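Engineer: Submitted below is the structure of interest, expressed as structure tokens.
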């Protein structure tokens, strides 16, 4: 398995994975919008996306990081916003490899850490994050939705 940063050449295959990720979180499939969204992230360089590629050159999963800052720590902070492995490739350690690559990126950019959120009902994800040295914070998480 090869983990590398995504390029615009990955757009078609990556968009399919990204759309599958959104469907996993109960959003309607929209491959056209998914492709536009990912294309903008790559072109505008406002996220870092790593892809997992198997020996047959198939994209099997991806992770997307967004930059932020921790004012308390006065350092860069990375938000691990999206992590997805196509169902037929799960259970092969691909998620862990993607997370490890994120940790390397965080260290290389002098980041203070990775922050992520997942649903409490995502039992596999919650177990994975604990196994990869994330710790569960005791903070309240609030969200305001702009209903425009």
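Rule-based calculations on the coordinates, nothing more; no lab input. The structure presented is a predicted model; accordingly, all values stated were derived computationally and were not measured. With ideal geometry, Cβ positions are generated from the backbone for all residues, glycine too; neighbour counts draw on all protein chains shown.
Engineer: Compute the normalised compactness of the chain: alpha-carbon radius of gyration over 2.2 N^0.38 Å, N being the residue count. Each step should come with its number before you reach the end.
Structural biologist: On the way: Rg = 15.3 Å, N = 148, 2.2 N^0.38 = 14.7 Å.
Rounded to two decimals, the normalised Rg is 1.04.
Engineer: Starting from the Cα of residue 147, step 7 Å along the direction of its Cβ; do the same at residue 74; then give the gap between the two resulting points in nm.
Structural biologist: That separation, rounded to one decimal, is 4.2 nm.
Engineer: For residue 25 and residue 110, what is the calculated FRET efficiency with R₀ set at 22 Å and r taken between the beta-carbons, to the nearest 0.05?
Structural biologist: Numbers: r = 31 Å, r/R0 = 1.41.
The value I calculate is 0.10.
Engineer: In addition: State whether region 13-63 is rounded, prolate or oblate according to the following rule on the C-alpha gyration tensor (a ≥ b ≥ c being the square roots of its eigenvalues): a/c under 1.5 gives rounded; otherwise a/b larger than b/c gives prolate, and the remaining case gives oblate.
Structural biologist: Cα axes put region 13-63 in the oblate bin.
Engineer: Further question on the same structure: Taking the Cβ of each residue in 97, 1 as the centre, tally the other Cβ atoms inside 10 Å and list the residues starting with the fewest.
Structural biologist: On the way: 97 19, 1 14.
Listed from fewest to most nearby Cβ atoms, that is 1, 97.
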